[in-house]
Every structure is written in structure tokens, then in C-alpha cells.
Amino acid sequence: MISAASDISSPVGVIAGGGAMPFAVADSLAARGLAPVLFALRGACDPDRVGRFRHHWISVGQLGRATRLFRSEGCRDLIFIGTLLRPALSEIRLDWGTIRVIGRVWAAFRGGDDHLLSGIGRILEQDGFRMVGIRDVAPDVLMPEGQIARAMPDAAATADIAKGREVLGALGPFDIGQAVVVIDGHVVAVEDIEGTDGLLARVARLREAGRIRAKSGRGVLVKAPKSGQDLRFDLPAVGAKTIEGVAKAGLAGIAVIAGHTIAADSQAMIEIADSAGLFIQGLPA
């Protein structure tokens, strides 16, 4: 991917899923003098928070309507951001703009999330739009390198981080997940369709059931983009809820790839981590 950071045109179209990140990105754009227009995905985007911005509602499967709205708003540059529960093709109400490219849409669905998003992105680019990434439009919401909380990883945690990166590197080509939990050198859980919150809840249940014998305060959550991933789409994300999940799972902290991981509500993350004695580490790419 070639960075478009120096050539972003205003307004920027924000295709907004769930969670806090679409609004953090929109605020970052506005602070830089770029007008955001949110294209809120029905069933995902927060209807209360989206009201602060110029916006339109669109549904998954409405490529024709979406492209007409992008053009009417003058949005050449587009960004996907936020969570979205992946629908089945049978659940999507297709418009004629989607039916026109249904073969390419079907091919995009036949793979993991990165394959899906990059496939839809290519369809939009063939219609004359440009897909951009967080690093291009809102780099201030990305995790910095180094420690951002008071606690520091010890030797055992550092070894677990290295093991976690190795595991994610091996799994990346299969487009499975972006997170793993490693405790004292043992891979105890890998992210799947339930996401990071579900992964951490699973580790907490395993600990409560006695399946994890290591004492509380050991082990790490490691997150990283998949190898070969188009970094404009589906970057790993962490937030206050992630840190709360790490605490409940009895881990020592988290390590994520700096510059390639979205950090939502970073101040809240730091406050929760400091209160629980957890480390938050941004790793070099």
C-alpha cells in the first residue's frame, strides 16, 4: 500500500461500523481540517453518537446506494472503520449496484475478514474511489511504541510476547485471528470468530475452572496484523474494554504492534491498567 497521507481530499467518507472508533476517527479528521462524512452501517453504528456528524445510513449489500451517496457528498477518499458482525450472503438485501458485481462480492465473502474487506475495497476502487487507512487519515489513534502504562513486562512476560508474535506470524496466512494468549510459554487461547473480548472471557472461564494453573498476574495478550494483510483494513484494535478483559483473565498485560494497532480511549486504557498493575506495550513492527 502506498501512503495517501499527503494527498487526502476533503471531505473524507467514513464507512462506520460499531464501537467508538468511527467517531474517534471523525474527530481526528475534523481536528486536522478535513470534513468527515459518516456512512453509518445499519445494525452496527451507534445511532446516538452518529448524530454529531454529517451522515447517511446504508445497509450491507447496498453498494449502489453507497456509491451514489459517496459521489453526491464529493468523497473520493474512503475508510472502513468499526466493528461489523459478518452477515451471511442470504441475509443481505442486494440492490442493483451490488447485483451488477455479485460475482466479485461472492468471491470476497469466500474468505476471512481481511479477504472480505479488501475485496469490497477493490470493487469500490474500480468505481473510482480510493480506500485509505488509519495511518493516512488519523495516525493519532494508533498505538505508539514503548510502554504507555506504569507497569513493565518481566522476563517471563517478554518471552511470552515473543512466543505470541511467532504464533501469530504462523497463523496469519490462514486469516484466522489477530490475537493470542500465552502464559509461561504455553499458548492457551487463539482468537477466533468471537473476537478479542470473547477470547479473554474464555481465558477467564478456563482459569475459574482450574484448567489454567498458572497464578494470576502471569501471561500476556498479544495482538498483531496478519502477515500480508492490507493495512488499510481490519487493523487490530484495543480499548478500555480490552484492558478490563485482560484484568479479569488474570494476565500481566498486553503487547501490540505500534503504528499498526488502533488504541481507542487510550487515557482510559492507561488508568485501568495502572489501577490493575498491568503493562501496555507497543512493539516495533
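Please compute the net charge surrounding Leu199, taking Lys and Arg as +1 and Asp and Glu as -1 over other residues with Cβ under 14 Å from its Cβ. So the surrounding residues net to +1. Residues in the chain average 46 Å² of solvent-accessible surface per residue, probe 1.4 Å, ligands and nucleic acids excluded. For segment 50-55, putting each phi into the Karplus relation 6.51 cos²θ - 1.76 cosθ + 1.60 with θ = phi - 60° gives couplings of 5, x, 6, 10, 4, 7 Hz, in residue order, rounded to whole numbers and with x for Gly and Pro. Global size of the chain: 19.3, 58 Å for Rg and Dmax (C-alpha atoms, Rg to one decimal, Dmax whole).
For Asp27 and Ala162, a Förster radius of 41 Å and the Cβ-Cβ distance give a FRET efficiency of 0.70, rounded to the nearest 0.05.
Peptides 67-78, 208-219, 235-246 ranked from most to least packed, by the mean per-residue count of other Cβ atoms within 10 Å: 235-246, 67-78, 208-219. Near the amide H of Gln147, within less than 5 Å, lie the amide hydrogens of Gly282, all on another chain or at least 5 residues away, with H placed in the peptide plane. The phi-based Karplus calculation (6.51 cos²θ - 1.76 cosθ + 1.60; θ = phi - 60°) puts the 3J(HN,Hα) values of segment 226-237 at 6, 4, x, 5, 6, 6, 7, 10, 6, 5, x, 9 Hz, whole numbers, x for Gly and Pro. Per residue of the chain, the DSSP helices (runs of n ≥ 4 H) give a summed -39500 (n - 2.57) that works out to -10500 deg cm²/dmol at 222 nm.
For segment 166-215, the direction-averaged projected area of the alpha-carbon convex hull comes to 3.6 nm².
Near Asp160, once Lys and Arg are set to +1 and Asp and Glu to -1 for all other residues with Cβ below 9 Å from its Cβ, the sum equals +1.
The values are calculated or read from the model by the stated rules, or taken from the named source; none is laboratory data. These figures come from a predicted structure and were not determined experimentally. Please note: Cβ atoms are built from the backbone with ideal geometry, for glycine as well, and neighbour counts cover all protein chains shown. Keep in mind that these areas ignore ligands, DNA and RNA; they rest on the heavy atoms of the full protein, side chains included. Shrake-Rupley method; radii C 1.70, N 1.55, O 1.52, S 1.80 Å.
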